[in-house]
Amino acid sequence: MTTERKRLGDLLVDAGLITTEQLQTALSEKQKGQRIGDALLERGYITEQQLIEVLEFQLGIPHVSLYRYPFDQKLMNIVPKDIAKRNLVVPLKKEGDKLFVAMADPMNFYAIDDLRLATGFQIQTAIATKDDILRAITKYYDIDDSMTDVMRELQVDDAVIEETTAADDSPIVRLVNQILQNAVQQKASDIHIDPHETKIQIRYRVDGVLRNERTLPKHMQSVMTARLKIMANLDITEHRIPQDGRIKTNIDLHPIDLRVSTLPTVYGEKIVMRILDLGSSLNDVDKLGFNSLNLKRFNALIEKPTGIVLITGPTGSGKSSTLYAALNRLNSEQVNIITIEDPVEYQLEGINQIQVNANVGMTFAKGLRSILRQDPNIIMVGEIRDKETAEIAVRASLTGHLVLSTLHTNDALGTITRLMDMGVEPFLVASSLAGVVSQRLVRRVCRDCAREQAATKREIEIFAKRGLSIQKIVRGEGCGMCNMTGYKGRLAIHELLVINEEMQKVIMNNEPYSKLRELAVKNKTIFLLDDGLLKVKQGLTTTEEILRIAISE
């Protein structure tokens, strides 16, 4: 008698991982030929680990975590690299005539046949996550190949090196491509190449925290620097001054934009590359993680016909993503939206975007003056850096335009002080500023190893100070999916200040900061710390993360 096998979607609903509504949404929105598991992953309803555990139960195939798995290097010669990459498969061990492999899709029988014919072994499958397999392939197939080739090649003289940095299939080109590919796979936001006295350190910034990826021998520094400079169209003969450039490339058929910055240090040039993933820009205001009250206020702010809306925070706090999401919400054929940016990070359909170019005198201030003659409704200024730009932005907002921009300040109230400090008159700040969003990014608790714990005495005190109560805190124990950190991905916390009439009077009369703060509290402003603690209550992040970025009064 055969037992009827339950469908994957029903199993996930039974396990309480998704709701019936989420399943219906995914089924109705999934593209042709897309599997339901992939559709659910894409929408963030489940994690890859949860999907694998349910598949293991459904198919009866064991799952394996490849994090710190003791791979046998000799097996990598049995499974050819192109088959491993094409079919997302990695060899684990062999016993007699059986070869055990980890696959992202163990139901891909063509791939299993392909493997059997290529290796001559009987194939036994296990399930592993796609990320795990890609990381293993990059680590055991690609980088080590390139490393040995580069080492061999660097024995030759420098004239040959000049040629090899430009040749498409040379080992140094492959090595640099691997470093970029690895960073994209690990969802890093920046790559740091740090020269030291006896080595080069390569570090990735993942979820806002830098971590060591690998160490390379010192004698590889000149070829690597030369290769990256060639890619970014920089002057390879100049080592004494900082240089900036861009690299546009495709990694695994994905368009990636890299901002490259070089800086001369005692031990050579330090290179930092900021990765902009053009395929995954968040363009929906509802998905930015705004608290329901803040979301309502933010939408009301950006729908005003005039005024300045500022988004503030340090470098890398997601200000651009919030700006682009706001522009996306406002973008329609009835309005003329013009932006001036340095650099233009994401190209948006239907919006006129201008690139700042200081070499030809195209500065923020000059560009902004010209924009005003182009009959705009909405203007977006990438960043207010000086008094001139600030004053033109203020005047633009007073003459019937909505101006969106960013500013580097610590909190929303500090923005008002910063504008006055730049030299903008208090009465101009009061009449033009509509609202300020201050934003930070914190690490999200890994959903695969999240466990509830009782809150510590110190945490209960912190929450009580802000008028909140807490009993349970969610923390990640650390697993292969999150590199044993307990965190995977990031989310934003916000502080949204809406300028009302009372505040305008306080600003105009140049009254003390404390008066502004009182009015903000009266107006039910949710401060950064409060929004963070509310997200800790929801089990999204931890108290340590919030205290790392928000100042506790």
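Data for the structure
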| quantity | calculated |
| --- | --- |
| Largest to smallest accessible area among ASP257, ASP72 [probe 1.4 Å] | ASP72, ASP257 |
| Whole-Hz couplings from phi, Karplus 6.51/-1.76/1.60, listed for the stretch 111-126; x for Gly and Pro | 5, 5, 4, 3, 5, 4, 5, 6, 9, x, 9, 6, 9, 10, 9, 9 |
| Principal-axis tilt of helix 387-398 within the chain, Cα atoms, nearest 10 degrees | 70 |
| Cα lying deepest toward the dipole's positive end in the chain, options GLY476, HIS401, ILE200, charges on Cβ | GLY476 |
| Solvent exposure of the stretch 182-290 as accessible area per residue, Å², 1.4 Å probe | 48 |
| Using alpha-carbon coordinates, inclination of helix 144-153 to the longest axis of the chain, degrees | 90 |
| Separation of alpha-carbon centers, the stretch 337-397 and the stretch 420-499, rounded to whole Å | 31 |
| Net charge contributed by nearby residues that have their C-beta within less than 11 Å of ARG548 (K/R +1, D/E -1) | 0 |
| For the stretch 1-135, size of Cβ-based charge dipole, Lys and Arg +1, Asp and Glu -1, in debye | 420 |
| Between 0 and 90°, nearest 10: helix 319-330 axis offset from the chain longest Cα axis | 70 |
| Of all accessible heavy-atom area on the chain, the percent that carbon and sulfur account for (1.4 Å) | 50 |
| Alpha-carbon Rg/Rh ratio, for the stretch 201-335, with Rh computed the Kirkwood way | 1.08 |
| Karplus-derived 3J(HN,Hα), 6.51/-1.76/1.60, for each residue of the stretch 402-417, Hz, glycine and proline x | 8, 10, 10, 7, 10, 8, 8, 9, 7, 8, 5, 5, x, 5, 5, 4 |
| Accessible surface ranking that places the most exposed of ILE311, ILE36, ILE241 first, with a 1.4 angstrom probe | ILE241, ILE36, ILE311 |
| Taking N as its residue count, the alpha carbon Rg of the stretch 341-481 over 2.2 N^0.38 Å | 1.50 |
| Over the stretch 451-553, relative contact order from alpha-carbon pairs under 8 Å, at least 6 apart, % | 27 |
| Test item: Cα-centred dipole of the chain, Lys/Arg +1 and Asp/Glu -1 on Cβ, debye | 1240 |
| Mean accessible surface per residue for the stretch 392-444, computed with a 1.4 Å probe while every protein chain stays in place, in Å² | 30 |
| Spin-label model distance (nm) - ARG246 vs ALA454, 7 Å beyond Cα toward Cβ | 5.6 |
| Exposure of THR417 as accessible area (Å², to 10), given a probe of 1.4 Å and all protein chains | 80 |
| Residue-level accessible surface for TYR346, protein heavy atoms, 1.4 Å, Å² | 40 |
| Solvent exposure ordering (accessible area, 1.4 Å, most first) of HIS219, HIS196 | HIS219, HIS196 |
| Dipole of the chain [Lys/Arg +1, Asp/Glu -1 at C-beta], most positive-end residue of MET76, MET422, TYR346 | MET422 |
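The values are calculated or read from the model by the stated rules, or taken from the named source; none is laboratory data. As the structure is a prediction and not an experimental result, all values here were calculated from the model. Quick reminder, even Gly has a Cβ in these numbers, built from the backbone with ideal geometry, and neighbours come from all protein chains shown. To get the accessible areas, we keep the full protein, side chains included, count just its heavy atoms, and leave off ligands, DNA and RNA. Shrake-Rupley method; radii C 1.70, N 1.55, O 1.52, S 1.80 Å.
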